[in-house]
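Worksheet: the structure to be examined is printed underneath.
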Amino acid sequence: MTTTAVPVPETRRRWLAVAWEWITTVDHKKIGLMYVATAIAFFLIGGLDALLIRLQLARAENTFLSPQLYNELFTMHGTIMVFLAIMPLNVGLGNYLVPLMIGANDMAFPRLNALSYWLFLFGGLLLLSSFALGGAPDAGWFAYAPLSATSPTNAVDFWILGLLLTGVASTLGAINFIVTVFNLRAPGMSFGRMPLFVWGQLVTAFLLIWALPSVTVGLIMLYFDRNFGTAFFIPERGGDPLLWQHLFWFFGHPEVYIMILPIFGIISEVLPVFARKPIFGYAFIAYSSVAIGFLGFTVWAHHMFAVGMGPLANAAFAATSMLIAVPTGVKIFNWIATLWGGSLNFKPPLYFAVGFIVMFIIGGITGVMLASPPLDLQLTDTYFVVAHFHYVLVSAAVLGLFAGFYYWWPKMFGHMLGERLGKLQFWLMFIGFNVTFFPMHYLGMIGMPRRTWTYAHGLGWDTWNLVASLGALTIGLSVLVFLWNVWLSARYGQRADNDPWDGHTLEWATTSPPPAHNFDRLPLIRSRRPVWDLKYGEGAPLTTPRDAVAAGRPEAEPPQAVHLPPPTFYPIVLAFGLTMAAYALLYASILFIVLGLSIVFIGIAGLASQAARD
């Protein structure tokens, strides 16, 4: 019998080659884009959850959703938005931009960078797969014990193992950011000349390193309570449920700054470019990030005023919570001073940046109010808390991220996003956020509890819940406008210059998008605005990147001599093995645990052998 080889169509071969290139990439720019694309997909899923929740609450005594599905949706909405959307969007932008902004060719550990991404993706998919495998987690995004410790299904186990996988990804990523910033800055870029976005990413990385162990230990203890008969958090058997709250919030409050500090960095980059003047109070902004990071570890128990810690503990945590408003206020005043007297260039990045400041001030004021124990005792677990939280970590954070998208999109993709659609998106989003979340302050003050499935007529909640739901639909419309803008930009968008905004920092010294090795030449770094100096200063000459000099490349030699690690599939192999082991734990399959760990060993061995050959 003879066989005939069927040729693979050219188009299919090309797509397979492209897919393989992205799967095996260790280029920080591609990994950054994969983070951003994946996080946007999760953001859309989390946003859809929110729309369903708002439809359920749009009118009294509604039965659009069942109570169980409602519990699952608000749990997954919070989990997705915090762990799978806002955090990874910051990581994606950081991955793409930090090496460019400090004049490096890549992250310090490119393969570790790829492993972080694949662990994040698989951890997120494991969480989402719970919807199809028996029911999603339903104990809230902070999974208070003993409810989470005694829940009868394995939905909470999905939550625990998914967060452990993404936690490993975050830890590896944080180590990579710290080493990259400390070791790969271009000559002349002292810490005092480092872009403020890089400062934000650096402080965030340290926060992750110090905060994640607390919740990791808590998750493991919770898993043991649920599966191995321990009783760390179960009061009937001698455990203490408040221990879970301490472990969770020791991570959970710094987590707020983990999400917002990189966005502070975005705002600090956007404002001076579009005000056409240097940032006001650079040192105050940089070191206030450090102060916020430090103080962020001293305020965790202000989430627990209602548990009865006593007046002394309440007063101490109230004082530190109010103190943190000082470095935050320093940033706001410096941003306003940057705009003051500037020659403002009213483009979409500036709209979103100013919108961020407005929303963050509103959220910050209500945060100071909740730091007061007497007021907090009246408002805890009401919609007032939901309003505060969403003003800071949804409204402000999302507007700040879109300021970054519109600002760096031309650098990342080589095309401009549409200006008119950008402004339309801003106004829809800004109005939508305020219409959705501002009424929640009032609903909380008249007693509407959070996480309530439905409510009776005649409580005074009907009108404002309907208004909030209409606002949520407006936000959804604004996101559709952004997606439409992206599609138009990809198909018909105006080609971007290398420096379309007349930027200050090093990423604007290379092409749009940058080559694989990032830079052929760098400007001499003599200030915080090296590209500005190159264009308008003393005409400082371009110099050869430090990595190329270290590799012995003469200045005249072509840039291909820059050493970059080759593509590898071992990071995805290792991440896949860990995910398989996690699924095996969910279903108590010893065979698949062994198989998963064997795949992990293959991945580690492969990465070690490649590192040895470098």
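Some notes on this structure:
- Residue selected from the range 371-405 under the condition closer than 18 Å to residue 252 by Cβ and free of Cβ contacts under 8 Å to residues at least 60 places away in the same chain, by the criterion farthest from the chain's Cα centre (by Cα): 388
- Flag for residue 512 being surrounded by 21 or more Cβ atoms within 10 Å (Cβ to Cβ) and either touching a residue at least 40 places away in the same chain (Cβ under 8 Å) or in contact with a Ser or Thr (Cβ under 6 Å, 6 or more places away or on another chain) (or both): yes
- Selection status of residue 327, buried (at least 16 other Cβ atoms within 10 Å of the Cβ) and over 26 Å from residue 209 (Cα atoms): no
- Sole exception among (1) assigned to a helix (DSSP H, G or I); (2) over 23 Å from residue 577 (Cα atoms); (3) touching a Pro at 6+ places or on another chain (Cβ under 8 Å); (4) of a type in the set (A, V, I, L, M, F, W, C) for residue 55, by number: (3)
- Filter result for residue 420 (open to solvent by 60 Å² or more (accessible area, probe 1.4 Å) and on the phi > 0 side of the Ramachandran plot): no
- Filter pass, residue 365 being of a type in the set (Val, Ile, Thr) and open to solvent by 30 Å² or more (accessible area, probe 1.4 Å): yes
- Just one of (1) more than 26 Å from the chain's Cα centre (by Cα); (2) surrounded by 17 or more Cβ atoms within 10 Å (Cβ to Cβ); (3) among the hydrophobic types (A, V, I, L, M, F, W, C) fails for residue 231. It is (2).
- The residues of the range 249-260 that are in contact with a Ser or Thr (Cβ under 7 Å, 6 or more places away or on another chain) and surrounded by 24 or more Cβ atoms within 10 Å (Cβ to Cβ), listed by number, are 251, 258.
- Residues that are within 20 Å of the chain's Cα centre (by Cα) and either hydroxyl-bearing (Ser, Thr, Tyr) or closer than 15 Å to residue 390 by Cα (or both) within the range 325-370 comprise 328, 355, 356, 357, 359, 360, 363, 364, listed in sequence order.
- Within the range 169-186, the only residue that satisfies the criterion of being free of Cβ contacts under 8 Å to residues at least 40 places away in the same chain, open to solvent by 10 Å² or more (accessible area, probe 1.4 Å) and either closer than 23 Å to residue 119 by Cα or not in a helix (DSSP H, G or I) (or both) is 178.
- Checking every residue in the range 50-62 against the condition of being without any contact (Cβ under 8 Å) to a residue 40 or more places away in the chain, open to solvent by less than 40 Å² (accessible area, probe 1.4 Å) and not hydroxyl-bearing (Ser, Thr, Tyr) gives at least one match.
So that you can scan it fast, the table gives a plain yes or no per residue for (1) of a type outside the set (A, V, I, L, M); (2) modelled with pLDDT under 95:
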| residue | (1), (2) |
| --- | --- |
| 398 | no, no |
| 422 | yes, no |
| 430 | yes, no |
| 435 | no, no |
| 447 | yes, yes |
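- Selected residue (criterion: farthest from residue 468 (Cα to Cα)) from residues of the range 411-424 that are in a helix (DSSP H, G or I) and more than 21 Å from the chain's Cα centre (by Cα): 419
- Set 521, 451: member being basic (Lys, Arg), closer than 29 Å to residue 49 by Cβ, surrounded by fewer than 16 Cβ atoms within 10 Å (Cβ to Cβ) and modelled with pLDDT under 95: 451
- Residues that are over 23 Å from residue 116 (Cα atoms), surrounded by fewer than 23 Cβ atoms within 10 Å (Cβ to Cβ) and touching a Phe, Trp or Tyr at 6+ places or on another chain (Cβ under 7 Å), drawn from the range 63-96: 67, 70
For every residue, the table says whether it meets (1) of a type in the set (Ser, Thr, Tyr); (2) part of a helix (DSSP H, G or I); (3) on the phi < 0 side of the Ramachandran plot.
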{"residue": "264", "(1), (2), (3)": "no, yes, yes"}
{"residue": "269", "(1), (2), (3)": "no, yes, yes"}
{"residue": "273", "(1), (2), (3)": "no, yes, yes"}
{"residue": "278", "(1), (2), (3)": "no, no, yes"}
{"residue": "285", "(1), (2), (3)": "no, yes, yes"}
{"residue": "288", "(1), (2), (3)": "yes, yes, yes"}
{"residue": "291", "(1), (2), (3)": "no, yes, yes"}
{"residue": "295", "(1), (2), (3)": "no, yes, yes"}
{"residue": "301", "(1), (2), (3)": "no, yes, yes"}
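- Selection status of residue 575, of a type outside the set (Lys, Arg), closer than 30 Å to residue 167 by Cβ, at pLDDT below 80 and assigned to a helix (DSSP H, G or I): no
- Residue check, residue 311 of a type outside the set (Phe, Trp, Tyr) and either open to solvent by less than 10 Å² (accessible area, probe 1.4 Å) or touching a His at 6+ places or on another chain (Cβ under 8 Å) (or both): no
- Taking the range 330-352 as the range and being open to solvent by less than 40 Å² (accessible area, probe 1.4 Å) and touching a residue at least 40 places away in the same chain (Cβ under 8 Å) as the test, the residues that pass are 331, 334, 335, 337, 338, 339, 342, 345, 348, 349, 350, 352.
- Filter pass, residue 129 being modelled with pLDDT under 95 and open to solvent by 10 Å² or more (accessible area, probe 1.4 Å): no
- Residues of the range 484-497 that turn out to be crowded, with 17+ Cβ neighbours inside 10 Å and either in contact with a Lys or Arg (Cβ under 9 Å, 6 or more places away or on another chain) or of a type outside the set (Ser, Thr, Tyr) (or both), as a count: 4
- All told, residue 440 falls short of being closer than 25 Å to residue 270 by Cβ and either of a type in the set (A, V, I, L, M, F, W, C) or touching a residue at least 40 places away in the same chain (Cβ under 8 Å) (or both).
The values are calculated or read from the model by the stated rules, or taken from the named source; none is laboratory data. As the structure is a computational prediction, the values presented were derived from the model and not from experiment. Cβ atoms come from the backbone with ideal geometry, glycine included; neighbour counts cover every protein chain shown. Keep in mind that these areas ignore ligands, DNA and RNA; they rest on the heavy atoms of the full protein, side chains included. Shrake-Rupley method; radii C 1.70, N 1.55, O 1.52, S 1.80 Å.
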